[in-house]
Amino acid sequence: MRSIYVTTPIYYVNDKPHIGHAYTSIAADALCRWHRRCGDDVWMLTGTDEHGQKVLRSAALRGISPQAHCDELSEHFRALLRLVQVENDDFIRTTEPRHTSVVQAVLQHLYDRGDIYAADYEGWYSTAAERFWTEKDLIDGKCPDTGQPVEWVTEKNWFFKMGKYADQLRAWIDENPGFLAPASRKSEVVGALRKEIGDLCISRPKERMSWGIELPFDRDYVTYVWFDALLNYLSAVGYHPDPALRSPDFARRWPAAFHLVGKDILATHSIYWSTMLFALGLPPARCLYAHGWWMVEGRKMSKSLGNVVDPTMLVRAYGAEQLRYFLLREIPFGGDGDFSHQAFFNRTNADLANDLGNLAHRALSMSEKWLGGVVPALDADTEADQALGALAAKVGEGFGPLFEAAQFSKALELLWELVSAGNKYIDSQAPWALNKAGQVVRLGGVLRRSLEICRIAAALLAPILPTKAQELADKLGLPENPLQRVGSLDGLIDGAPLRCGDPLFPRLLELPAEVSAALSAALAEAPPEPAPKPKKSPKTTTSAPMSETTAAPAAEAGPAAGPALIEYDDFAKIALRTGLIKEAARHPKADRLLVLTIDLGEAQPRTIVAGLASTYAPEVLVGQTVVVVANLKPIKLRGVESHGMVLAVGGDAGVQALATASAPVAPGTVVR
Ligand code: ME8
């Protein structure tokens, strides 16, 4: 039995969790669920990072004590885990005594060994940002975060002898090729280590920042938040510098650790953390995996841009498992990606509703209709069956190693080769024709192989879609959903009862109403132009960071003016008619516009250009009845002449819904 200890970063409680936090936790959970299914000894740790300037500032802004703030915010992170079906074994908070006592014991131990010493720290201090900067960080001699003047400050602080362990780290990386992943990010660390590695300032004077763990050997200082936070990976599994005081579980978990982190904190983990471990006489974790960054429409998620994606809303709108699938499928785990509702919508419909859902529904419904609703027997393999079997074998062999290497999207891509082949197999073998011709044995064989593909999908998807995969296994007459025979088209139980029921993933017809509303709200709140941001030094600096960055305040929406009154005659001038959308396409020159062909009951349908592209995929509009302003003078919109206007709910802030008729009506019906 392999021991697998998977960790996520512990998240700052300066604000509520967003989709980036959900991402790492879901990935860690999927990995753990996979290993649990393989029978490994798994432990998943996540938690919250509760000390430091950022958290202190957030609490102060709310006018409550930092501890009360942390208690409340930490709960939001726990609630998110439950919502997205993460089954963590432990959740650590850095304000818990089980953690603070270990941090203090480690500090004392390193101090006693001579690995921590006092020295003057010098640097450019920004009072506005409450942090030090190096000379090269400054922009025009001013704080890069706030643009305010900085002053040269010298202050006593405590330092960890990080530089002493730099060679050991260089050698470790050379000798352990699997330590840093993916390979593309390894070069960043290797590059950083080519330069000299200084020592790490690990203290903050209490007079400047008191929200932290007190240094056991100097009561005027608290511990730098990163030195405190990184130790969570040890404190949570029973570590103590004195081996006699360690929990027996510790040897079970360390160093079998797999740290999943975002690329933003790769340097702190690879350099700070590994050298801290060397100083404690411990080997680094088995693997440090830095995944990529989710952006939103090409921009970093930020409160001030109003584009923070709330995972709670996504779960309510699309479903927790759809979110898990989208995040792990849409981008390679090490790469960056762009979040958009359109991409979510398309991915959910294409992969889950159309490919997998359709395969399952077709195979199950035909088996129910023509074969008595039980698992049919296999027949002798034809050439097409052999090709399908070979593909299943390839998937069975390839999926696990990819998944264990956190290559979730590649593993899913591989599985989908089989799912798509299953749909094509049904098309080419035409079970309906076999049924008509009374070829029952062949019909059974074809449907059995199609059902087997569904079984393989259920077995392999369980770590990502825990509930849906079990639901699919139930439909296939499997009370358990075992991870066996995933490379073979022969794993179902002959004669077991099948249950078709409702489709596994209903097809989305339009963006969920809540999503449209959130998009409109975001548009209303976002500033018209993103404020130009001064260049900021990356979080990955190996110099001694003295504080965290500030968050810009969210833009406020102005008060709405009441509408001006008009006479009835003014209103009567507007000819409103119902229109049936016959065709819809993206505008060739404008992302937000669609070009619609609408039947208004006239001799010819009209071309109308509408700003609906942010809310609706063109294909979902075809067949919908809308309300049209039919007597608007034609106008050219980005080169396409528009003959009318489609009414939608949501005003200037963005479209939330279409204005439509509540019952079927003929095109061209008067609306008044
Ligand atoms: O850095 N895309 O906490 P944090 C992908 N407390 N992942 C994202 C993301 C995005 N846009 N935004 C956040 C800290 N993440 C420290 C960690 S560990 C000892 C201390 C994820 O709240 C990603 O995992 O800023 C990233 O590393 C982490 O959240 C940062 O969370």
Next on the checklist: Suppose the filter is among the acidic types (Asp, Glu), over 22 Å from Arg329 (Cβ atoms) and either at pLDDT below 95 or surrounded by fewer than 20 Cβ atoms within 10 Å (Cβ to Cβ) (or both); does Asp385 pass it?
Outcome noted: yes
Checklist entry - Could you list, in sequence order, the residues of segment 140-172 that are touching a residue at least 60 places away in the same chain (Cβ under 8 Å) and among the hydrophobic types (A, V, I, L, M, F, W, C)? => result Trp158, Phe159, Phe160, Met162, Ala166, Leu169, Trp172
Next on the checklist: Being touching a residue at least 40 places away in the same chain (Cβ under 8 Å) and more than 30 Å from Arg316 (Cα to Cα) is the requirement here; does Thr134 meet it?
Outcome noted: yes
Next on the checklist: Is it the case, given these coordinates, that Asn349 is over 24 Å from Leu83 (Cβ atoms), out of contact with any Asp or Glu (no Cβ under 6 Å at 6 or more places or on another chain) and in a helix (DSSP H, G or I)?
Outcome noted: no
Item to check | Tally, over segment 615-661, of residues that are in a helix (DSSP H, G or I) and either at pLDDT 85 or above or not acidic (Asp, Glu) (or both) | outcome: 5
Next on the checklist: Among the listed residues Val153, Val225, identify the single one that is crowded, with 21+ Cβ neighbours inside 10 Å and either within 29 Å of Ala105 (Cα to Cα) or over 36 Å from the mean Cα position of the chain (by Cα) (or both).
Outcome noted: Val225
Checklist entry - Restricting attention to segment 52-67, which residues are in contact with a Lys or Arg (Cβ under 9 Å, 6 or more places away or on another chain) and either at pLDDT 95 or above or part of a helix (DSSP H, G or I) (or both)? => result Gln53
Checklist entry - Take the residues of segment 1-40 that are aromatic (Phe, Trp, Tyr) and under 19 Å from the mean Cα position of the chain (by Cα): which is farthest from the ligand (Cβ to nearest atom)? => result Trp34
Item to check | Some residue of segment 298-305 being assigned to a strand (DSSP E or B) and within 30 Å of Asp115 (Cα to Cα) | outcome: no
Checklist outcome for this item: Here the residues within segment 255-282 that are open to solvent by 10 Å² or more (accessible area, probe 1.4 Å), outside any loop (DSSP other than H, G, I, E, B) and closer than 15 Å to Ser3 by Cβ are Phe258
Checklist entry - For segment 94-104, which residues satisfy the criterion of being of a type outside the set (Val, Ile, Thr) and surrounded by fewer than 21 Cβ atoms within 10 Å (Cβ to Cβ)? => result Glu96, Pro97, Arg98, Ser101, Gln104
Checklist entry - Within segment 388-424, how many residues are closer than 18 Å to His361 by Cβ, free of Cβ contacts under 8 Å to residues at least 40 places away in the same chain and open to solvent by less than 50 Å² (accessible area, probe 1.4 Å)? => result 2
Checklist entry - Would you say Ile26 is of a type in the set (Val, Ile, Thr), at pLDDT 95 or above and within 25 Å of Ala290 (Cβ to Cβ)? => result yes
Checklist entry - Among (1) surrounded by 20 or more Cβ atoms within 10 Å (Cβ to Cβ); (2) outside any helix (DSSP H, G or I); (3) touching a Gly at 6+ places or on another chain (Cβ under 9 Å); (4) at pLDDT 95 or above, where does Asn14 come up short? => result (4)
Checklist entry - Taking segment 592-604 on its own, how many of its residues are under 19 Å from Ile635 (Cβ atoms), touching a residue at least 12 places away in the same chain (Cβ under 8 Å) and not basic (Lys, Arg)? => result 8
Checklist entry - Given the conditions (1) at pLDDT 95 or above; (2) farther than 20 Å from Leu282 by Cβ; (3) open to solvent by 20 Å² or more (accessible area, probe 1.4 Å), which single one is not true for His240? => result (2)
Next on the checklist: Taking the condition of being hydroxyl-bearing (Ser, Thr, Tyr) and either buried (at least 19 other Cβ atoms within 10 Å of the Cβ) or at pLDDT below 95 (or both), how many residues in segment 327-366 meet it?
Outcome noted: 2
Item to check | Among the residues listed as Ser126, Ser101, the single one being of a type in the set (Gly, Ala, Ser) and closer than 23 Å to Arg208 by Cβ | outcome: Ser126
Checklist entry - Quick one: would you say Ala285 is within 13 Å of the ligand (Cβ to nearest atom), under 15 Å from the mean Cα position of the chain (by Cα) and not in a helix (DSSP H, G or I)? => result no
Checklist entry - Does any residue of segment 92-114 turn out to be touching a residue at least 24 places away in the same chain (Cβ under 8 Å), of a type in the set (Phe, Trp, Tyr) and not in a helix (DSSP H, G or I)? => result no
Next on the checklist: Can you tell me which residue is nearest to Gly438 (Cα to Cα) among those in segment 367-382 that are of a type in the set (A, V, I, L, M, F, W, C) and open to solvent by less than 50 Å² (accessible area, probe 1.4 Å)?
Outcome noted: Leu371
Item to check | Index of the failed condition, Ala68 passing every other in (1) more than 13 Å from the ligand (Cβ to nearest atom); (2) surrounded by 17 or more Cβ atoms within 10 Å (Cβ to Cβ) | outcome: (2)
Item to check | Residues of segment 288-319 classified as modelled with pLDDT of 90 or more, small (Gly, Ala, Ser) and within 11 Å of the ligand (Cβ to nearest atom), total | outcome: 2
Item to check | Filter result for the condition that a residue is at pLDDT 95 or above, touching a Phe, Trp or Tyr at 6+ places or on another chain (Cβ under 8 Å) and within 16 Å of the ligand (Cβ to nearest atom), over Leu45, Leu73 | outcome: Leu45
Next on the checklist: Need pairs with beta-carbon distance below 7 Å; first residue open to solvent by 80 Å² or more (accessible area, probe 1.4 Å) and within segment 292-304, second more than 13 Å from the ligand (Cβ to nearest atom); sequence gap 6+ or separate chains.
Outcome noted: Glu297/Ser340; Arg299/Pro530; Lys303/Ala554
Checklist entry - Take the residues of segment 241-280 that are within 16 Å of the ligand (Cβ to nearest atom) and among the small types (Gly, Ala, Ser): which is farthest from the chain's Cα centre (by Cα)? => result Ser274
Checklist entry - Can you tell me which of Leu245, Leu234, Leu180 is at pLDDT 95 or above and exposed (fewer than 14 other Cβ atoms within 10 Å of the Cβ)? => result Leu245
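The values are calculated or read from the model by the stated rules, or taken from the named source; none is laboratory data. Being a predicted model, the structure only gives us computed values, none of them experimental. Don't worry about glycine lacking a Cβ; one is built from the backbone with ideal geometry, like all the others, and counts go over all protein chains shown. When the accessible area is computed, the model is the full protein with side chains, heavy atoms only, and any ligands, DNA or RNA have been set aside. Shrake-Rupley method; radii C 1.70, N 1.55, O 1.52, S 1.80 Å.
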